[in-house]
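This report refers to the structure that appears directly beneath it.
We did not get these values from a lab; they are worked out from the coordinates using the rules stated. Keep in mind that this is a model prediction, so the values were computed, not measured. Heads up, the Cβs are rebuilt from the backbone with ideal geometry, glycines too, and the neighbour counts pull from every protein chain shown.
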Amino acid sequence: MKFKCPECDGDIEAKEVIEGEILSCPDCGAELEVAKDKKGNFELKVAESEGEDWGE
Amino acid sequence: MRTVGIVGASGYTGGELLRLLVDHPEAEIKIATSRENAGEPVFRVHPQLRKKTDLKFVEPDLEKVASECEFVFLALPHGSSAPAAKRLLEAGVRVIDLSADFRLKKEDYPKWYGWEHPFPDLLDLAVYGLPEFHREEIKGAKLVANPGCIATASILSVAPAIKTGAVEKNRVVVDAKIGSSGAGTSVSIASHHPEHSGLVRAYKPSMHRHTAEIEQELAPLAGGEVKVALTPHAVDMVRGIMATGHSFLTRQVTNQELWKIYREMYQNEPFVRIVKDLRGLHMLPDPKNVVGSNFCDVGFEIDPHTNRMITFGAIDNLIKGAAGQAIQNFNIMIGIDERTGIDQAGVRPI
Amino acid sequence: MRTVGIVGASGYTGGELLRLLVDHPEAEIKIATSRENAGEPVFRVHPQLRKKTDLKFVEPDLEKVASECEFVFLALPHGSSAPAAKRLLEAGVRVIDLSADFRLKKEDYPKWYGWEHPFPDLLDLAVYGLPEFHREEIKGAKLVANPGCIATASILSVAPAIKTGAVEKNRVVVDAKIGSSGAGTSVSIASHHPEHSGLVRAYKPSMHRHTAEIEQELAPLAGGEVKVALTPHAVDMVRGIMATGHSFLTRQVTNQELWKIYREMYQNEPFVRIVKDLRGLHMLPDPKNVVGSNFCDVGFEIDPHTNRMITFGAIDNLIKGAAGQAIQNFNIMIGIDERTGIDQAGVRPI
């Protein structure tokens with residue numbers, strides 16, 4: 001199956017996926033959750049990610 | 001002699017407060033708190049203080065601190081300072097807070113810190129602790145909000161450019177280089193020596209929290225809004241910040257005109273030095289030349305090719321960027337010579 | 001197999017040319033010249049080459065070089081390359097010059113190098129040796145002008161911003177951080193270890209010579225003049241350059257739009273990697289992650305606060321910034337896979 005990463009439009013290929021599974025975009029490293037849209041097709045949503053923030 | 005307390009004394013900033021206050025003629029350190037190290041002599045965590053003091057860490061008990069100390073330096077993580085300051089202020093203690101909890105206005109906190117201020121009324125009490133800009137207000141202040149380290153170097157170095165009235169105020173670039181001690185004592189892969197040695201790592205390249213206080217302090221000089229484009233980088237230094245400012249000129253300015261502005265602003269400041277030499281190795285500010293001191297070196301260069309004014313600001317992030325400036329504020333608050341106890345020259349080379 | 005010569009082989013760039021060419025399947029190093037070290041095995045100066053080659057330095061005798069080598073890498077100081085290149089070209093040798101002597105147009109040299117070009121007609125022969133921009137012309141070139149190290153990192157990282165057509169072209173800020181090997185083997189107080197450790201020293205903060213070639217190469221992408229505001233700083237690294245670009249957006253751009261431009265420009269480039277990860281320690285380019293390789297890592301970030309596009313470019317100044325790129329050009333000139341002999345991964349951590 002072929003997906004587009006919502007963050008960077010990168011192509012993501014996955015043999016078969018199950019709902020709730022986390023995929024990682026090869027181009028930008030975004031953590032993407034496999035979800036189902038209204039018509040029941042698989043789609044990817046960005047899972048919340050905590051950026052590195054240090055330094056005062 | 002004034003009784004002082006340090007709440008959160010086990011970090012690098014706490015260690016510098018101890019180191020500088022131990023020899024301060026007007027300060028008697030009554031209390032240095034550390035939850036983890038209570039009962040231990042401070043030199044167990046700060047070995048440079050062995051034989052300098054036998055003071056021991058104690059549990060952070062605000063009631064005890066309030067009863068024994070006239071002045072308290074709060075060196076707690078953001079968010080934990082606010083309640084502690086409130087308690088101490090209620091007991092009549094004068095507080096110097098090294099966190100960001102009181103630096104900004106109420107409406108800035110949600111945007112820049114994702115945090116609703118729990119005691120907004122205290123913000124009216126707070127004075128932004130940059131002596132070069134707020135000396136008079138600091139004198140009588142009950143609550144001083146010590147500036148951030150990147151903010152200190154950026155504000156002091158960019159201010160003269162803003163003062164010229166000849167730079168575009170909506171796009172002041174500040175490209176900062178920061179030493180590892182800026183991240184404090186918390187250990188992470190990012191601070192792991194093999195990962196930190198010889199690196200240039202941009203972090204929080206946009207919307208860094210210090211942007212808010214830099215803009216807040218420069219706006220009055222500009223007579224309006226200033227937009228700062230700040231991008232910090234971790235580089236291979238333990239101490240030190242270099243803030244390189246790139247501002248775009250709206251008219252021709254001469255070196256002489258700029259020197260005049262720098263002199264007017266800083267000639268009589270005890271801790272700001274104008275560094276723009278035409279010869280030698282140290283022509284412009286370099287953190288290496290201020291580390292160990294409370295000095296902020298500022299410099300500039302005009303780039304005719306792009307009508308740009310380049311500004312430089314170098315400090316020791318733990319001293320002028322934290323502990324030293326806190327004590328400079330303390331000196332002002334008790335009405336003594338501002339240089340007392342923090343007038344040491346930098347330690348070179350390190 | 002092609003016979004190659006290295007003129008000026010005792011410097012750091014010379015050492016990298018030797019190191020990479022010794023194992024290059026299509027290159028036979030006939031000659032490596034060094035006036036000072038003639039007669040000595042190269043590993044005397046480049047100890048990493050002991051047991052890798054028994055080649056000896058020879059006196060710089062251009063006649064001998066021209067007679068024995070089809071290709072010559074010139075690693076001479078600026079100004080001494082031009083006459084050597086002329087002599088070699090006359091003898092039919094194909095020349096890759098690592099100096100700045102042939103990078104620019106005739107009229108740029110007085111302004112940026114205070115130097116009248118002695119052989120301006122040769123400039124028409126010269127091709128600017130940035131493969132990502134001039135691959136076709138390099139194929140048949142007789143004379144390739146290898147780009148400067150700061151220029152390489154700046155051009156490759158800023159180009160996508162220019163390509164968007166959505167940034168102000170007259171004020172592209174490039175704030176560069178450079179390792180000590182960038183200054184070559186010449187010893188000075190500035191490179192003295194106690195002075196260089198943990199420093200952030202701005203040098204030539206305006207009108208740095210590499211500005212000319214950065215502007216020259218970006219102009220065609222912009223369809224007009226580009227003004228680059230370059231300020232380099234020496235920081236505590238031996239190898240490495242990080243070029244942080246600050247460009248101001250004239251309209252909204254999205255991450256997706258930028259990713260598209262980066263992919264169009266670089267996805268199929270063997271030595272440019274797009275590094276803009278959302279997680280982990282290495283989210284953006286860092287010289288530490290390319291040192292020892294011919295890679296240039298490029299990345300970007302949009303700053304909505306000031307409508308700024310921040311760009312990042314990281315290279316090893318001795319490899320993609322010099323020797324590696326020279327060999328990449330050599331590979332193109334002899335029509336073999338560009339990655340031959342220079343495809344090693346970076347060495348981490350250093």
Cα-centred dipole magnitude for chain A, charges only on beta-carbon of K, R (+1) and D, E (-1), debye, nearest 20: 580 debye
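Ignore the peptide's own chain and count Cβ atoms of other chains within 10 Å of each Cβ in C:247-260; give me the average, rounded. Could you put the intermediate results ahead of the total?
Working: counts 0, 6, 0, 0, 0, 0, 0, 1, 5, 7, 1, 1, 7, 2.
Mean number of neighbouring Cβ atoms from other chains: 2.
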What is the distance in Å between the Cα centres of region C:9-40 and region B:209-223? 55 Å
If we count every other residue with Cβ under 9 angstrom of A:Val34's Cβ, Lys/Arg +1 and Asp/Glu -1, where does the sum land? -2
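Let's see if you can work this out: charge +1 on each Lys and Arg Cβ, -1 on each Asp and Glu Cβ, no other charges. What is the dipole magnitude of chain C about its Cα centre, in debye to the nearest 20?
Its charge dipole is roughly 620 debye.
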If you filter region C:37-93 for GluC sites (Glu not before Pro), then keep DSSP loop positions with at most 10 other Cβ within 10 Å, what is left? none
FRET efficiency, A:Lys45 to C:Lys139 (Cβ-Cβ, R0 51 Å, nearest 0.05): 0.65
What are the nm distances, shortest first, from B:Gly223 to its equivalents in the other copies, labels at 7 Å along Cα→Cβ? 4.0
re region B:238-308: pairs of Cα atoms spaced beyond 14 Å account for a percent value of 65 percent
What value in Å³ per residue do you get for the convex hull of the alpha-carbon atoms in region B:121-241? 130 Å³
Which are the unpartnered cysteines of the protein assembly as shown, meaning those with no other cysteine Cβ under 4.7 Å from their Cβ? B:Cys69, B:Cys149, B:Cys296, C:Cys69, C:Cys149, C:Cys296
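Is there a simple number for the mean count of other chain Cβ atoms within 10 Å of the Cβ of residues in B:170-180, and what is it?
For peptide B:170-180, the averaged partner shielding equals 5.
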How would you order C:38-44, B:48-54, C:286-292, B:28-34 from highest to lowest mean count of nearby Cβ atoms within 10 Å? C:286-292, B:28-34, C:38-44, B:48-54
Among the lysines, which fall within straight-line cross-link reach of B:Lys163, defined as a Cα-Cα distance under 16 Å, with same-chain neighbours fewer than 8 residues apart omitted? B:Lys227, B:Lys260
Rh (Kirkwood; distinct C-alpha pairs) - chain C, Å: 20.5 Å
Give me the one-decimal Kirkwood hydrodynamic radius in Å for region C:150-315, with the sum taken over alpha-carbon pairs. 16.3 Å
Set the Förster distance to 45 Å, then compute FRET efficiency between B:Val22 and B:Glu107 from the Cβ-Cβ distance, nearest 0.05. 0.65
Square roots of five times the Cα gyration tensor eigenvalues for region C:11-116, Å: 26, 15, 13
Using the charge dipole of chain C (Lys, Arg: +1 at Cβ; Asp, Glu: -1 at Cβ; taken about the Cα centre), state which of C:Ala145, C:His24, C:Phe295 has its Cα farthest towards the positive end. C:Phe295
Just rank C:Arg209, C:Arg251, fewest to most, by other beta-carbon atoms within 10 angstrom. C:Arg251, C:Arg209
Tally Lys/Arg at +1 and Asp/Glu at -1 over every other residue whose Cβ is under 14 Å from the Cβ of B:Leu18; what's the total? +2
Post the alpha-carbon centroid distance, region C:234-281 to region C:85-108, in whole angstrom. 31 Å
Inter-copy label distances at C:Leu281 (7 Å, Cα→Cβ; nm, one decimal): 3.2
Against the 2.2 N^0.38 Å scaling, with N counting residues, where does the protein assembly as shown land? I'd like the Cα-based Rg ratio to two decimal places. 1.03
Add +1 for every Lys or Arg and -1 for every Asp or Glu among the other residues with Cβ under 10 Å from the Cβ of B:Cys296, and state the total. -2
Under 5 Å between amide hydrogens, which residues at least 5 positions from B:Glu28 or on another chain qualify, with H placed 1.01 Å from N in the peptide plane? B:Arg2, B:Thr3, B:Val4
Per-residue Cβ counts within 10 Å, from other chains only, averaged over C:273-280: what number is that? 5
Once both axes come from the Cα atoms, what is the angle between helix B:255-266 and the longest principal axis of chain B, in degrees from 0 to 90, rounded to 10? 20 degrees
Mean separation of Cα contacts under 8 Å, 6 or more apart, over the residue count of region B:169-296: relative contact order %: 33 percent
One finds, for A:Asp11 and C:Trp115 with R0 = 56 angstrom and r their Cβ-Cβ distance, a FRET efficiency to the nearest 0.05 of 0.65
Inter-centroid distance (Cα atoms) of region B:171-207 relative to region A:1-25, Å: 32 Å
Say a label goes 7 Å from Cα toward Cβ at C:Asp61 in every copy; what distances in nm does this one have to the rest, shortest first? 9.0
In nanometres, what is the gap between the two model label sites at B:Arg44 and C:Thr250, each 7 Å from Cα along Cα-to-Cβ? 6.5 nm
Footprinting proxy, A:Met1, C:Met333: sorted fewest to most Cβ within 10 Å, the residues are A:Met1, C:Met333
Mind checking region B:183-228 for GluC sites (Glu not before Pro) that DSSP puts in a loop (not H, G, I, E or B) and that have at most 12 other Cβ atoms within 10 Å? B:Glu225
At what distance in nm do the modelled label points of B:Asp343 and C:His193 sit from each other, each positioned 7 Å from its Cα along Cα→Cβ? 3.7 nm
What is the helix-to-structure angle for C:149-163, meaning the angle in degrees between its Cα long axis and the longest Cα principal axis of chain C, kept from 0 to 90 and rounded to the nearest 10? 40 degrees
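Provide the packing ranking of C:260-270, A:15-25, B:299-309, i.e. peptides ordered by the mean count of other C-beta atoms within 10 Å per residue, highest first. Before the final figure, lay out the partial values.
Working: C:260-270: 15.8, A:15-25: 11.9, B:299-309: 20.4.
Highest mean packing first, the order is B:299-309, C:260-270, A:15-25.
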In degrees, nearest ten, helix C:210-222 long axis to first principal axis of chain C (Cα): 60 degrees
Taking amide H positions as placed 1.01 Å from N in the peptide plane, with prolines and chain starts having none, which residues 5 or more places from C:Asp297, or on another chain, fall under 5 Å of its amide H? C:Arg273, C:Ala314
